[in-house]
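For reference, the structure discussed in these notes is given below.
The values are calculated or read from the model by the stated rules, or taken from the named source; none is laboratory data. Everything numeric in this text was worked out from a predicted model, so none of it was measured. Heads up, the Cβs are rebuilt from the backbone with ideal geometry, glycines too, and the neighbour counts pull from every protein chain shown. Side chains are part of the model used for accessible areas, which takes the heavy atoms of the whole protein and leaves out ligands, DNA and RNA. Shrake-Rupley method; radii C 1.70, N 1.55, O 1.52, S 1.80 Å.
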2 protein chains.
Amino acid sequence: MFSGCQFSLYPMTDRYVDTILSAVEAMRVHHDRLRIETDDLSTTLIGPPDVLFAAMRDGFVSAAAGGLHVVAAATVSRGCPGEPDDPICGRLDAPPATPGGAGAVEARAAPRRFATPAPVGVATSAQISLYPLGSAAYMDDIVACIAFLKKAVVFETPKHFASKLHGDAAAVFAAAERAFLDFSGPDRHVVLSALFSANSPSRRR
Amino acid sequence: MFSGCQFSLYPMTDRYVDTILSAVEAMRVHHDRLRIETDDLSTTLIGPPDVLFAAMRDGFVSAAAGGLHVVAAATVSRGCPGEPDDPICGRLDAPPATPGGAGAVEARAAPRRFATPAPVGVATSAQISLYPLGSAAYMDDIVACIAFLKKAVVFETPKHFASKLHGDAAAVFAAAERAFLDFSGPDRHVVLSALFSANSPSRRR
């Protein structure tokens, strides 16, 4: 299954180039499991979802750990029919519960396979939106995903077009990864749009 | 039809707070046609699509005109069935041509209603992705949209998961607005994800 993301890092500082280059260095530990292309707008990462989220988290945490206001923007995609398959992406693991019906939605909203990871010490706000494509029943997947997020320790508030999270970066990225993987079948085309932010002065007010 | 966006501005400078506040001031001319809410992650704008895109463009151009490296991230949505309607949003204007079939795709890819606007003098790169939801034939809409973009003067290159544009900010935002409006029916749930960037040092290399 083809999976990948467009990932961008925005450090709100005059020294943004150095901050970005350091973050890229922090992501390098994952490089042997990713195909990487960079241009002036974003870095394309192609690889399995767990590696994508680990690399994004490590880049973001590296940039934000010193206290700078940093935002990461990500568009994560799997199963896009317009993309050729790539062996580096591997197969998606066990499919989620069968969709359909209110009972199934409730069952799928249980926090399956979501163990809160060890904290990395960077308080992170995020907003995420899930787009399951190609199905008239896509709102069932979205409703189940929102129900899952509302039970997660990192849930903060619903917003128009998105769910807002807040917590340690490790838990926030892990919740986003589960949202991306668990609410549409493994053969489906799904996109997750996400913003991650640390050290915003609006937050500190 | 409910329409709105989540819009964020990222000036890569120590003076990012002042830059953002000035940009918000530049967007104020549109305020009587928008409902606006702000938190630490983004500004929610609810209103008709033409006003959403004008407000986003004016905020971005205000922040970037002085030469700072500035990025805007936007998630624009219309027809979301989970949202109550709002009179401020109005009705979507004339529907696009009927979808379906290769001939129809070709016809829809004609640059309808897209007159390149007067330039505002800010060179802008963008990447945009269209997500038409709730339809098995969604790839037809996406293919038609990409065909339209490839004929547009601002088209730069395809990317994984996105199309990349470059040109004057006025033309780039106008192309994004047409992508959002013209490739799925007026009653459809459609999301456009977009990044806009000016003055990137990667671009100048």
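Figures for the structure shown
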read-out	value
Check on B:Gly134, at the interface with chain A (Cβ under 10 Å from one of its Cβ atoms), assigned to a loop (DSSP other than H, G, I, E, B) and either modelled with pLDDT under 95 or surrounded by fewer than 22 Cβ atoms within 10 Å (Cβ to Cβ) (or both)	yes
Search result, residues across the range B:165-205 that are within 14 Å of chain A (Cβ to nearest Cβ), surrounded by 18 or more Cβ atoms within 10 Å (Cβ to Cβ) and assigned to a helix (DSSP H, G or I)	B:Val172, B:Ala176, B:Phe180
Sole residue being facing another protein chain (nearest Cβ under 7 Å) and at pLDDT 95 or above, chosen from B:Ala162, B:Ala123	B:Ala162
Verdict on B:Asp39 being open to solvent by 10 Å² or more (accessible area, probe 1.4 Å) and either modelled with pLDDT under 95 or at the interface with chain A (Cβ under 9 Å from one of its Cβ atoms) (or both)	yes
Any chance B:Gly82 is facing chain A (nearest Cβ under 10 Å) and surrounded by fewer than 24 Cβ atoms within 10 Å (Cβ to Cβ)	yes
Breaking point among (1) open to solvent by 40 Å² or more (accessible area, probe 1.4 Å); (2) among the aliphatic types (A, V, I, L, M); (3) more than 19 Å from the chain's Cα centre (by Cα), for B:Val29	(3)
Test: residue in the range B:99-116 that is β-branched (Val, Ile, Thr) and at pLDDT below 95	yes
Flag if B:Leu149 is more than 12 Å from chain A (Cβ to nearest Cβ) and surrounded by 22 or more Cβ atoms within 10 Å (Cβ to Cβ)	yes
Residues of the range B:153-164 classified as within 14 Å of B:Thr116 (Cα to Cα) and surrounded by 20 or more Cβ atoms within 10 Å (Cβ to Cβ), total	1
Lone qualifier among B:Phe148, B:Phe155, B:Phe183 - being hydrophobic (A, V, I, L, M, F, W, C), under 20 Å from B:Gly90 (Cα atoms) and over 13 Å from the mean Cα position of the chain (by Cα)	B:Phe183
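Every residue, every condition in (1) over 30 Å from B:Ile20 (Cα atoms); (2) at the interface with chain B (Cβ under 9 Å from one of its Cβ atoms); (3) assigned to a strand (DSSP E or B); (4) free of Cβ contacts under 8 Å to residues at least 60 places away in the same chain, yes or no:
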position: A:Phe7; (1), (2), (3), (4): no, no, yes, no
position: A:Tyr10; (1), (2), (3), (4): no, yes, yes, no
position: A:Asp14; (1), (2), (3), (4): no, yes, no, yes
position: A:Val17; (1), (2), (3), (4): no, yes, no, yes
position: A:Ala26; (1), (2), (3), (4): no, no, no, yes
position: A:Thr44; (1), (2), (3), (4): no, yes, yes, yes
position: A:Val51; (1), (2), (3), (4): yes, no, no, yes
position: A:Asp58; (1), (2), (3), (4): no, no, no, yes
position: A:Ser62; (1), (2), (3), (4): no, no, no, yes
